[in-house]
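Trainee: Please read through the structure below; I'll follow up with questions.
The values are calculated or read from the model by the stated rules, or taken from the named source; none is laboratory data. If you're wondering where the values come from, they're calculated on a predicted model, not measured in any experiment. Cβ placement follows ideal geometry from the backbone for every residue including glycine, while neighbour counts extend to all protein chains displayed. These area figures cover heavy atoms from the full protein model, side chains too; ligands, DNA and RNA do not enter into them. Shrake-Rupley method; radii C 1.70, N 1.55, O 1.52, S 1.80 Å.
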Amino acid sequence: MSSATAPVEHLPRTGNYRWVQLWGIPLRVMHWAAAISIVVLAVTGLYIGKPYFMTSGEASSHFLMGWMRLLHFIAAGILVMTAIVRIYWLFAGNRYERWTALIPWHPRDIRNFFRQARAYLLVRPEEAPRYLGHNPLQQLSYTGLYALALLQAITGFALYGQYDSTSFFFRLLNWIGPLLGGMPNVRFVHHVLTWAFIIYIPIHVYMSIRADVLDRNSTISSIVSGGRMVRADEAFEDD
Amino acid sequence: MFSPNSHPWSADETLGRHLEKRGVSRREFLEFCGGLCAMLGLGSSFVPRMAHALQSMKRPSVIWLQLQECTGCVESVIRTSEPTIGNLVLDLISLDYQHTLMAAAGHQAEAALQSSMKENAGKYLLVVTGSVPLAENGIYLTIGGRTAKTILEEAAAGAAGVVAVGACAHWGSVQAARPNPTGAVGVGDIVKDKPVVNIAGCPPISDVVTATIVHYLTMGRMPATDAEGRPTFAYGARIHDQCSRRANFDAGQFVTSFDDEAARNGWCLYRVGCKGPSTFSPCPIFQWNSGTSWPIGAGHPCIGCTERQFWDTMTPFYDRLPDVAGFGVERTADLIGAALAAGATAGVAAHAAATAIHQARRRPLPVVDAPVRSDPPAPPAAKE
């Protein structure tokens, strides 16, 4: 019914394909390390927030909360390392990975932001602008996730620093408690942001699978292989 | 241990001589000094120095102002199961002016305050309990017709050091909780020109007050403090890290209600709102009433009373996280978070279904032909 207005996937199912390199090895490693550590952080974090199962018997024969906290702190350390890699790669990566790709600043991309949003909301994938890297909505969504992770790291390390008032993290972040109105509020913000991460997961996974299924251009495999196979005759906004 | 009423401490007598007259043996005196050194984190080599300083000390002048408060701090400071030397020292040095303990009243008392401030100008130690109300020009607390702010400013001007005892003097405590109708503030908010040592807590432990004053008398200066003005010898570590129930925390053994088996076993009170992980205080070590017990030891979660604004920030006292405003007390952050996560999942499922329906109506799913043709059609013009 809309074949006349559909210039893209409407295409013949044959033709030449080309390989487009998108994500460097540091970015791919960072993605999967962050994914695993976020899952570990969420699971152990929710346990630390409200210990939902318990041990019995002598305290000396168990270390459940201790292990949970240790895992949480290790995963937090890994996430911080991925952030360092990502920040380095904002300046060392290609144009799909650089800091310029964090927000849609180009007039064309701003226009496409609304086209993309419309295509998602009205379920009209054929009207969406075609991007090789991240589309404008994706750019903002991942940049938002970075901001979320930054807040989570600040509140998390402020809580972590409490164990010793002479510790590095205590001295570095002891302004955050008074700013948010006490450590319980810091804890509360940290807890609520955990849910924001958890809510992010199904949306992220769904959007990836959806793009892969609808566009048939190896979106999901690009975060493993580093690039996409696209039709040689297909035009992209950010080519 | 000592005779409480043998004779008053006269101005030209040293403390050593005075204690001797009241029947305190040298051994008892050195034990007291050793205990205080341990409390202050000083090595045993400091004991002779402290003993010497205290022994040769002439009667110091201390003015104790009681402002907007409940007298609980004074109760805490004077309450011991048996009179100790520390208690005696506190009794002795606070004689000049102390509402609760002094014999004088009315004009006599105010005259004593004025003459003591005049005679010892620049030398006396000022101890304050209670907050200072500033709203409506401070009319919520007047003593002898003068506002608390005027009295405090006048007394602080000639003081050698200022010690704010209790949460009220620290930051205002319950009367400074939202909405703070009297505009109550702490001593440190009024006295800006000299350091104020905050003995935090509602009420604080009397031993911390004694140790701070003795530190001042021995060293000639106040002890080192943290960002909140609290002496680090007492407030340098979290309750959580000194707690006798910490083993249960690490093992994953928690009280879920106050009458369960876990509560009887003395497990960790973390799940019933203990604020020990956010609270810096020496309670687990010093304990209360001559080391008899302390809140967590007695099975009650810490309410965080040594922290600024604890009435607002540490409530609800029996829950770990603050309430979410506008959702009612039963709605916790977890419930809302889980609802949103479920909503997001349902949302993407609905979107996926809509997409599938849309695609199915448009066309059958395409099939990629193989093999690839060697003569591809001309590429369509790029959009835009």
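Trainee: Quote the Stokes-Einstein diffusion coefficient, in whole µm² s⁻¹, for the range B:9-59, based on the Kirkwood radius over alpha carbon pairs, a temperature of 10 °C and a viscosity of 1.306 mPa s.
Mentor: My calculation gives 142 µm²/s for D.
Trainee: For peptide A:184-196, how many partner chain Cβ atoms fall within 10 Å of a residue's Cβ, on average?
Mentor: Across A:184-196, the average partner-chain Cβ count within 10 Å equals 5.
Trainee: Follow-up question, since we're still on this one. Across peptide B:224-237, how many C-beta atoms of other chains are within 10 Å of each residue C-beta, on average? Intermediate results must be reported in sequence, preceding the final value.
Mentor: On the way: counts 0, 0, 4, 6, 2, 0, 1, 0, 2, 0, 0, 1, 3, 4.
If you average over the peptide's residues, the count of other-chain Cβ atoms is 2.
Trainee: Here is a further query. Does any residue of the range B:296-315 lose at least 10 Å² of accessible area with all protein chains in place compared with its chain alone, and if so which ones (probe 1.4 Å)?
Mentor: In the range B:296-315, residues shielded by partner chains: B:Thr313, B:Met314.
Trainee: Quick one: which of B:100-110, B:27-37 comes out on top by average Cβ neighbours within 10 Å, and what's the full order, highest first?
Mentor: Highest-to-lowest ranking by the protection proxy: B:27-37, B:100-110.
Trainee: Search the structure for amide H atoms under 5 Å from the amide H of B:Ser281, placed 1.01 Å from N in the peptide plane, and list their residues when 5 or more places away or on another chain.
Mentor: Those qualifying (amide H under 5 Å, at least 5 residues apart or on another chain) are B:Ala237, B:Ile239.
Trainee: While we're here: Once you measure Cβ to Cβ distances between cysteines in the protein assembly as shown, which Cys have no partner under 4.7 Å?
Mentor: So far as the 4.7 Å Cβ criterion goes, B:Cys33, B:Cys37, B:Cys70, B:Cys73, B:Cys168, B:Cys243, B:Cys268, B:Cys274, B:Cys283, B:Cys302 stand without a partner in the protein assembly as shown.
Trainee: Classify the range B:105-195 as rounded, prolate or oblate, taking a ≥ b ≥ c as the square roots of the eigenvalues of its Cα gyration tensor: rounded when a/c is under 1.5, otherwise prolate if a/b is larger than b/c and oblate if not.
Mentor: The shape class here is oblate.
Trainee: Along each of its three principal axes, how wide is the spread of alpha-carbon positions in chain B, in whole angstrom units, largest first?
Mentor: Here the Cα extents, ordered largest to smallest, are 113, 50, 46 Å.
Trainee: Where in chain A are the helices, taken as whole DSSP H runs, whose Cα atoms extend 15 angstrom or more along the long axis and whose Kyte-Doolittle mean reaches at least 0.0?
Mentor: Qualifying helices, which must be both long enough and hydrophobic enough, are A:25-49, A:64-92, A:136-160, A:183-215.
Trainee: I'd like the mean, over residues of B:347-357, of how many other protein chain beta carbons sit within 10 Å of each residue's own Cβ.
Mentor: 4
Trainee: Something else about it: Charges only on Cβ, +1 for Lys and Arg, -1 for Asp and Glu: so what's the dipole of chain A about the Cα centre, in debye to the nearest 20?
Mentor: Magnitude of the dipole: close to 120 debye.
Trainee: Would you work out which of A:Gly226, A:Thr194, A:Gly133 lies farthest towards the positive end of the dipole of chain A? Charges go on Cβ: Lys and Arg +1, Asp and Glu -1.
Mentor: Sorting the options by dipole projection puts first A:Gly133.
Trainee: I've got another one for you. Given labels modelled 7 Å from the Cα in the Cβ direction, how far is it in nm from B:Ser10 to B:Arg146?
Mentor: 3.2 nm
Trainee: Tell me which trypsin sites (Lys or Arg not before Pro) from the range A:90-186 have a DSSP coil assignment and no more than 11 other beta carbons within 10 Å of their own. Don't jump to the answer; show the numbers that get you there.
Mentor: Values: sites: A:Arg95, A:Arg98, A:Arg108, A:Arg111, A:Arg115, A:Arg118, A:Arg130, A:Arg171; in loops: A:Arg95, A:Arg98, A:Arg130.
Those that pass, being in a loop and sparsely packed, are A:Arg95.
Trainee: Same structure, new question: Counting only protein heavy atoms, probe 1.4 Å: which residues of the range A:54-93 lose 50 Å² or more of accessible surface in the full assembly compared with their chain by itself?
Mentor: Those residues are A:Met54, A:Ala59, A:Met65, A:Arg69.
Trainee: If packing is taken as the average number of other Cβ atoms within 10 Å across a peptide's residues, how do B:229-237, B:312-320, B:243-251, A:145-153 rank, most packed first?
Mentor: On the way: B:229-237: 21.9, B:312-320: 17.4, B:243-251: 20.2, A:145-153: 15.2.
For the peptides B:229-237, B:312-320, B:243-251, A:145-153, the packing ranking is B:229-237, B:243-251, B:312-320, A:145-153.
Trainee: By how many degrees, between 0 and 90 and to the nearest 10, does the Cα long axis of helix B:46-55 differ from the longest principal axis of chain B?
Mentor: The angle comes out near 40 degrees.
Trainee: Next question, about the same structure. Can you pull out the buried accessible area for chains B and A, both sides counted, probe 1.4 Å, rounded to the nearest 100 Å²?
Mentor: The contact between A and B buries close to 5300 Å².
Trainee: For chain A, restrict the atom set to alpha-carbon positions and state the Rg and Dmax in Å.
Mentor: Radius of gyration, then largest Cα-Cα span, for chain A: 21.7, 74 Å.
Trainee: So, one more: How far, in degrees from 0 to 90, does helix B:333-362 lean away from the longest principal axis of the Cα atoms of chain B, to the nearest 10?
Mentor: The helix B:333-362 is inclined about 10 degrees to chain B.
Trainee: Specify which residue in the list B:Ile139, B:Thr279, B:Ala160 is farthest towards the positive end of the charge dipole of chain B, using unit charges on the beta carbon of Lys, Arg (+1) and Asp, Glu (-1), about the Cα centre.
Mentor: Working it through, the farthest residue towards the positive pole turns out to be B:Thr279.
Trainee: Dipole of chain B (Lys/Arg Cβ +1, Asp/Glu Cβ -1, origin at the Cα centre): which of B:Ala227, B:Ala263, B:Ala211 lies farthest to the positive side?
Mentor: Projecting each Cα onto the dipole axis, the largest value belongs to B:Ala227.
Trainee: Which positions within the range A:217-239 get 50 Å² or more of their accessible surface covered by the other protein chains, compared to the chain by itself, with a 1.4 angstrom probe?
Mentor: A:Asp233
Trainee: Whole number in Å², please: accessible area per residue of the protein assembly as shown, 1.4 Å probe, ligands, DNA and RNA not counted.
Mentor: So the protein assembly as shown comes to 48 Å² accessible per residue, rounded to a whole number.
Trainee: Take the solvent-accessible surface of the protein heavy atoms, probe 1.4 Å, and return the percent of it on chain B that carbon and sulfur atoms account for.
Mentor: Values: 9950 of 17550 Å².
Here it works out to 57 percent.
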